[in-house]
Amino acid sequence: MTARILDGKATASAIKAELAVRVAALRERGVVPGLGTVLVGDDPGSQSYVKMKHRDCAEVGITSLRVDLPAEASDADVRSALAELNSDPACTGYIVQLPLPRHLDENAMLALIDPDKDADGLHPLNLGRLVLNEPGPLPCTPRGIVELLRRYDVPLAGAEVCVVGRGVTVGRPLGLLLTRRSENSTVTLCHTGTRDLAEHTRRADIVVAAAGVGGLVTADLIREGAVVLDVGVSRGPDGKLAGDVAPSAWEKASAIAPNPGGVGPMTRAMLLSNVVDRAEALARR
Ligand SMILES: Nc1nc(=O)c2c([nH]1)NC[C@@H]1CN(c3ccc(C(=O)N[C@@H](CCC(=O)O)C(=O)O)cc3)C=[N+]21
């Protein structure tokens, strides 16, 4: 079987073109959406992601507010940077690029973001809103996964979805999105404590590999014709970036979201969508 490619890069470009139109309409009304990023330290991965996010903003007309702090920034330094962005009217929404240096408490920092400016949808209040099915910004990668599946008409209602990985930014909230009435999927969340991973992944119509374990999902872990999304990124022993899905899985899958080129670009497009959604809500007031 040749797997159909769920092309996140092309889909993200189409979404950015749609967003550029919405931003132009906002600008005509004097509303200029702005995305803030707080980057603490010099982790090369984080630096490249933040750079990409600002490049995306420029592409659609969202202004950038970039706050870079040194790795040894104190808790107080980060708190004052967040307080500034919380009160800056030019900042529609912002993110705190994760991971933070170990001496900083990530959850405490995320809880300091004004929930209405939480462009990542990772503030406890917004994750709570997601549980309660109340409106609020959605976490970008889960939202990107659902959007990619929708745009390729992958059936979700009644679908058996197996999510591998229970991280806060992907695995844990993804089940909440997919079990909303609007998606109506049945979700199994697997993790390092799962007794027999294959028993669950082989049963699934859709497998979302978000464990950050290189090559974890091989052909014998999936059913013939399954849809597979490669989300997890890790560094192999050779220092090269690897996805969670092994090349062998491509022979059995009916469709694959590759890595790179799949969910990553969708994550970035959803970040922009969260900012534009909020700018439009503010313009309606
Ligand atoms: N507060 C916060 N929010 C995040 O959303 C967040 C974060 N911290 N920390 C790190 C992870 C990782 N992440 C990615 C975003 C884009 C790509 C992406 O676009 N990847 C391209 C490849 C990019 C390249 O060329 O290296 C692709 O998959 O095609 C990947 C990973 C967001 N994250």
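Evaluation of Ala198 against the conditions (1) in contact with an Asp or Glu (Cβ under 9 Å, 6 or more places away or on another chain); (2) part of a loop (DSSP other than H, G, I, E, B); (3) more than 24 Å from Asp120 (Cα to Cα) shows that the sole unmet condition is (2).
A quick yes/no check of all residues on (1) open to solvent by less than 60 Å² (accessible area, probe 1.4 Å); (2) part of a helix (DSSP H, G or I):
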| position | (1), (2) |
| --- | --- |
| Leu125 | no, yes |
| Leu138 | yes, no |
| Arg143 | yes, yes |
| Val146 | yes, yes |
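What's the total number of residues in region 114-130 that are touching a helix residue (DSSP H, G or I) at 6+ places or on another chain (Cβ under 6 Å) and either of a type in the set (A, V, I, L, M) or away from the ligand (no atom under 16 Å from the Cβ) (or both)? The qualifying residues number 4.
For region 243-254, state whether one or more residues are within 16 Å of the ligand (Cβ to nearest atom) and open to solvent by 40 Å² or more (accessible area, probe 1.4 Å). So far as region 243-254 goes, no, none of its residues is within 16 Å of the ligand (Cβ to nearest atom) and open to solvent by 40 Å² or more (accessible area, probe 1.4 Å). Only a single item in (1) within 25 Å of Pro44 (Cα to Cα); (2) within 22 Å of the chain's Cα centre (by Cα) is not met by Ala157, and it is number (1). Within region 148-168, the set of residues being among the aliphatic types (A, V, I, L, M) and either surrounded by fewer than 22 Cβ atoms within 10 Å (Cβ to Cβ) or assigned to a helix (DSSP H, G or I) (or both) comprises Leu148, Leu149, Val154, Leu156, Ala157, Ala159, Val168. In the set Thr218, Thr201, only one residue is open to solvent by 20 Å² or more (accessible area, probe 1.4 Å) and more than 21 Å from Thr11 (Cβ to Cβ); that residue is Thr218.
Only residues that are free of Cβ contacts under 8 Å to residues at least 40 places away in the same chain and open to solvent by 60 Å² or more (accessible area, probe 1.4 Å) were counted across region 76-105, and they come to 10. Just one of the numbered conditions (1) open to solvent by 20 Å² or more (accessible area, probe 1.4 Å); (2) outside any strand (DSSP E or B); (3) within 13 Å of the ligand (Cβ to nearest atom) is not true of Ser234: (2). Taken over region 50-103, the criterion of being among the polar types (S, T, N, Q) and away from the ligand (no atom under 12 Å from the Cβ) is satisfied by Thr63, Ser64, Ser74, Ser80, Asn86, Ser87, Thr92. So, Leu221, is that one among the aliphatic types (A, V, I, L, M) and closer than 30 Å to Leu26 by Cα or not? No, not satisfied.
The values are calculated or read from the model by the stated rules, or taken from the named source; none is laboratory data. The model shown is predicted, which means the values in this text are computed figures rather than measured ones. We place every Cβ from the backbone using ideal geometry, glycine too, and count neighbours over all the protein chains shown. These accessible areas exclude ligands, DNA and RNA; they are computed on the full protein's heavy atoms, side chains included. Shrake-Rupley method; radii C 1.70, N 1.55, O 1.52, S 1.80 Å.
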